[in-house]
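S.K.: Structure incoming, see below.
We did not get these values from a lab; they are worked out from the coordinates using the rules stated. Keep in mind that this is a model prediction, so the values were computed, not measured. Cβ atoms come from the backbone with ideal geometry, glycine included; neighbour counts cover every protein chain shown.
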Amino acid sequence: MTAAMDQSRMSGWDAALARRTKSLGGGEITAILALAGASDVITFSGGFPDPATFPTPVLADIAARLITQDPGVALQYSATEGIAGVRDYVAGRLAALQGRMPGPPELMVTSGGIDCMELVAKSYLDAGDTVVVESPTYLGAIMAFRGYEANVRGVPVDGDGLRTDVLADLLAAGLRPKILYTIPDFQNPTGLTMSASRRSELIALARRYGFLILEDVAYRDLHFEQPPPDSLWSMAPDVVLQAGTFSKIFCPGFRMGWAAGPAEIISRLVVAKQNSDQCAGALGQRMLEEYGRGGHMERQIVASRALYARRAALMGQALTAHMPEGTTWTAPQGGFYIWVTAPEGVDTVALSAAARARKVAYVPGRPFYPADDGAAKIRLAYSRVADELIDEGIHRIGGVLRTALEEL
Ligand SMILES: Cc1ncc(COP(=O)(O)O)c(C=O)c1O
């Protein structure tokens with residue numbers, strides 16, 4: 001096949017894309033993330049846990065035991081809602097950590113955190129329905145909602161999390177979301193946490209206006225010192241669906257998560273999962289259960305918190321040392337991210353090529369916003385970069401910003 005034929009065939013397939021997929025875009029961020037793979041680049045992009053937190057000897061033992069002694073469960077299809085023993089383990093863990101035990105119909109095992117967003121979107125969103133998100137928010141969630149042609153509307157955040165006053169005004173003016181998606185603890189991308197009073201206000205609004213709160217607790221357990229305020233789901237299980245993931249506290253390679261919420265909703269998500277991947281992988285489910293019941297999970301989380309707290313502190317010091325005047329950043333108390341605001345006029349998407357030339361990678365802010373915003377923002381993940389590279393990486397970003405400011 002000639003290069004020209006090859007090209008015409010590719011554009012032919014692109015023309016065949018579903019309308020909902022065409023409007024998704026996403027190429028820009030894929031290209032930026034691809035840079036992060038280069039081995040000689042100091043990378044602050046991607047919300048990856050450090051592989052040092054993957055307990056390989058323990059996992060090797062558990063895997064060998066399950067494969068030889070429990071193949072009929074561990075290597076088989078599982079029930080769509082998850083293996084009963086695994087759900088029992090996850091329910092017990094939620095009771096211990098969040099003070100509320102979901103009943104069996106209120107809990108299912110998902111294939112990581114994003115699976116829950118996809119299942120909710122598939123089950124509940126018609127084209128044109130409104131989903132309110134924090135602005136900025138996790139890009140994967142925006143894409144999941146847009147994938148079902150939802151109208152994704154942002155509400156700003158401040159140091160106390162989602163601006164419930166702005167939300168209240170929008171609702172009073174007639175906005176009627178079906179779902180409000182929030183990451184209340186150590187949010188992606190800002191690292192900010194929703195205060196206890198904002199949580200209560202949000203729940204009151206959900207009850208008053210009849211929308212579902214989709215609470216993403218991806219980073220909840222990775223607090224540095226104080227745990228975050230009570231989870232929304234534990235406060236209001238009637239109007240909150242909690243999406244959890246084990247990717248950040250166990251290993252993303254297993255793709256394990258949970259959904260906890262009203263039984264009526266969970267039963268719908270189970271049907272949706274039957275129509276997608278049918279069940280989360282049984283081997284991963286049983287590995288999770290054995291690892292968790294053996295006490296390894298909670299022990300490792302203590303060590304992971306110390307690791308990420310140290311990296312966040314190193315990054316904070318490096319930012320103080322190297323950022324140009326007028327730059328600000330958040331001081332997260334948990335999670336993986338610091339959110340940087342460069343001086344007005346800087347376009348961090350345009351600067352990513354200059355950053356690549358200096359062999360450093362970050363994620364520019366724009367894709368985290370549902371509307372056109374965030375040109376001067378940068379998300380920095382400190383989770384997977386070696387301690388000794390943090391200062392040099394931030395020094396390089398500082399250099400990129402200084403050069404851009406001189407040219408403004
Ligand atoms: C807020 C948030 N939710 C969900 C996910 C996805 O989790 P998983 O990899 O388990 O699908 C991420 C991953 O970066 C995230 O930051």
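S.K.: Hey, for a label at A353 modelled as a point 7 Å past Cα toward Cβ, could you say which residues of the range 367-389 have their backbone N under 11 Å away?
M.R.: Taking a point 7 Å out along Cα→Cβ of A353, no residue of the range 367-389 has its backbone N under 11 Å.
S.K.: Within the range 291-334, whose backbone N sits under 20 Å from a point 7 Å along Cα→Cβ of L408?
M.R.: 319-330
S.K.: Within the chain, what's the longest run with no GluC sites (Glu not before Pro) in a DSSP loop and at most 11 other beta-carbon atoms within 10 Å? Give the range, please.
M.R.: Details: sites that count: E225, E325, E344.
Counting only loop sites that pass the neighbour cut-off, the longest clear stretch is 1-224.
S.K.: If each residue of separation counts as 0.36 nm, what is the full-extension length gain between A96 and A306 once their alpha-carbon separation is subtracted? Before the final figure, lay out each step's value.
M.R.: On the way: separation 210, 0.36 × 210 = 75.60 nm, distance 2.12 nm.
Going from the current span to full extension adds 73.5 nm.
S.K.: Further question on the same structure: Determine, for the chain, the count of lysine pairs separated by eight or more sequence positions (or lying on different chains) whose alpha-carbon distance falls under 21 Å. Present the calculation step by step, with values, prior to reporting the outcome.
M.R.: Numbers: K22/K122; K122/K178; K122/K273; K178/K273; K359/K377.
Eligible lysine pairs with Cα atoms under 21 Å apart amount to 5.
S.K.: So, counting K/R as plus one and D/E as minus one, what does the shell of residues with Cβ under 15 Å around R384 add up to?
M.R.: Numbers: positive: K248, R310, R311, R379; negative: D50, D387, E388.
Local charge sum for R384: +1.
S.K.: Within a Cβ distance under 13 Å of Y148, other residues only, what is the Lys/Arg minus Asp/Glu net charge?
M.R.: Details: positive: R19, R20, K122, R146, K178; negative: E118, D126, D129, E149.
Its environment carries a net charge of +1.
S.K.: Further question: Would you look at the GNM of the chain, springs on alpha carbons closer than 10 Å, and say which of T327, T68, T80 moves the most?
M.R.: Highest fluctuation of the listed residues: T68.
S.K.: Based on the Cβ-Cβ distance from A321 to T56, what FRET efficiency comes out when R0 is 35 Å, to the nearest 0.05? It would help to have the intermediate numbers written out before the result.
M.R.: Values: r = 35 Å, r/R0 = 1.00.
Efficiency computed from Cβ-Cβ geometry: 0.50.
S.K.: OK, next. Assuming 0.36 nm per residue, please report the length gained on full extension of the stretch D230 to S276 beyond their Cα-Cα distance. Could the numbers behind the result be given before it?
M.R.: Details: separation 46, 0.36 × 46 = 16.56 nm, distance 3.23 nm.
In short, 13.3 nm is gained.
S.K.: Could I ask something else about it? When the chain is treated as a GNM, springs tying every alpha-carbon pair under 10 Å, which of P228, P105, P364 comes out with the largest mean-square fluctuation?
M.R.: P105
S.K.: Another question about this same structure. Could you tell me the distance between the Cα centroids of the range 220-235 and the range 69-107, to the nearest Å?
M.R.: Using only Cα atoms, the two centres lie 21 Å from each other.
S.K.: Same structure, new question: Taking only DSSP H segments of four or more residues, each worth -39500 (n - 2.57), what value at 222 nm results for the chain once the sum is divided by all its residues, to the nearest 500 deg cm²/dmol?
M.R.: Numbers: 16 runs with 184 residues, N = 408.
Calculated from helices alone, the mean residue ellipticity at 222 nm is -14000 deg cm²/dmol.
S.K.: Obtain the nm distance between the two label points defined at D126 and A63 by a simple spin-label model: each point lies 7 Å from its Cα along the Cα-to-C-beta direction.
M.R.: With each label point 7 Å from Cα toward Cβ, the separation is 4.7 nm.
S.K.: I've got another one for you. Can you compute the modelled spin-label distance between D373 and E344, with each label point 7 Å from Cα toward Cβ, in nm?
M.R.: 1.8
S.K.: In which sequence would H223, H395 go, from the one with the fewest C-beta neighbours within 10 Å to the one with the most? Walk me through the numbers before you get to the answer.
M.R.: Numbers: H223 20, H395 16.
Going from sparsest to densest Cβ surroundings: H395, H223.
S.K.: Follow-up. Of I67, I378, I114, how do they rank once you tally other Cβ atoms within 10 Å and put the fewest first?
M.R.: I67, I114, I378
S.K.: If you don't mind, there's one more thing I want to ask. Convert each backbone phi in the range 218-227 into a coupling constant with the Karplus relation 6.51 cos²θ - 1.76 cosθ + 1.60 (shift: θ = phi - 60°), then list the ³J(HN,Hα) values in order as whole Hz, x for Gly and Pro.
M.R.: 3, 10, 3, 7, 9, 7, 7, 10, 5, x
S.K.: Note down the net charge around Q278, summing +1 for each Lys or Arg and -1 for each Asp or Glu among other residues with Cβ under 15 Å from its Cβ. Can you show the working numbers first?
M.R.: Numbers: positive: K122, R255, K273; negative: E81, D115, E118, D277.
Result for the local shell: -1.
S.K.: What is the Cα centroid distance between the range 341-400 and the range 113-156, reported in whole angstrom?
M.R.: 25
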